[in-house]
1. Among Leu118, Leu75, Leu108, which comes first, second and so on when ranked by fewest other beta-carbon atoms within 10 Å?
2. For a quick check: sort Lys54, Lys142, Lys104 by the number of other beta carbons within 10 angstrom, fewest at the front.
3. With N denoting the number of residues in region 47-156, provide Rg(C-alpha) divided by 2.2 N^0.38 Å, to two decimal places.
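No lab work stands behind these numbers, since they all come straight from the coordinates. As the structure is a computational prediction, the values presented were derived from the model and not from experiment. When we count neighbours, we look across all protein chains shown, and the Cβ atoms used for this are built from the backbone with ideal geometry, even at glycine.
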Amino acid sequence: MNRTLFCCSALLLCCVATAQSPAPVAGAQAGATPSAVAPGVMSTESPEVTQFQKIEDAWSTAVNAHDQYGLENVLSPLFVDVAANGDISTRNQQVVQVIAGEDKTVHLTQRVVTVRMLGDVAVANGTYTLHHKVGSGEADEKGVFTQVFERLRGGWMCINSQRTLVPVEPSGAKAKAKKPSTAEEPFHIPLFGH
């Protein structure tokens, strides 16, 4: 009885170990790195980046042309936007801004840098430039974005967007000289040293 139980346990353990080992990728060379074997997992040269760049272009075109329906085709009804200044808005609020079109100088360009595919969810990261009216003048806002997309009805719709400004030094400004660290080690904690 013990021998039969032991044999069954050993067989089950072998089956589990075989099922959990990664399957070889077709055309993979021995010793190839995972990133060389599986492009597109997080790559700037992938079909996913091209696909999501088209979505970002449609989004930018809708904003620039004040196209309500174009924007509704890209943004999910559950969409939440966190602007670079911290303002939070929904899809309906974004659509109202497009319809109202009070700022005739608005021009948005977005460039996808990476896309991570997580089943029916995709996370796109990239850069953007937003030309818009500020007070009585105009300004260019440059930054980075993270956008979360959900696969719906055979397409992708954005459900969340977060934008962060990239600080730009004024032209002619001198870079501040950094004071050298007095720490002996990279993670020196003064209270616990020596």
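1. Leu118, Leu108, Leu75
2. Details: Lys54 11, Lys142 16, Lys104 7.
Going from sparsest to densest Cβ surroundings: Lys104, Lys54, Lys142.
3. 1.05
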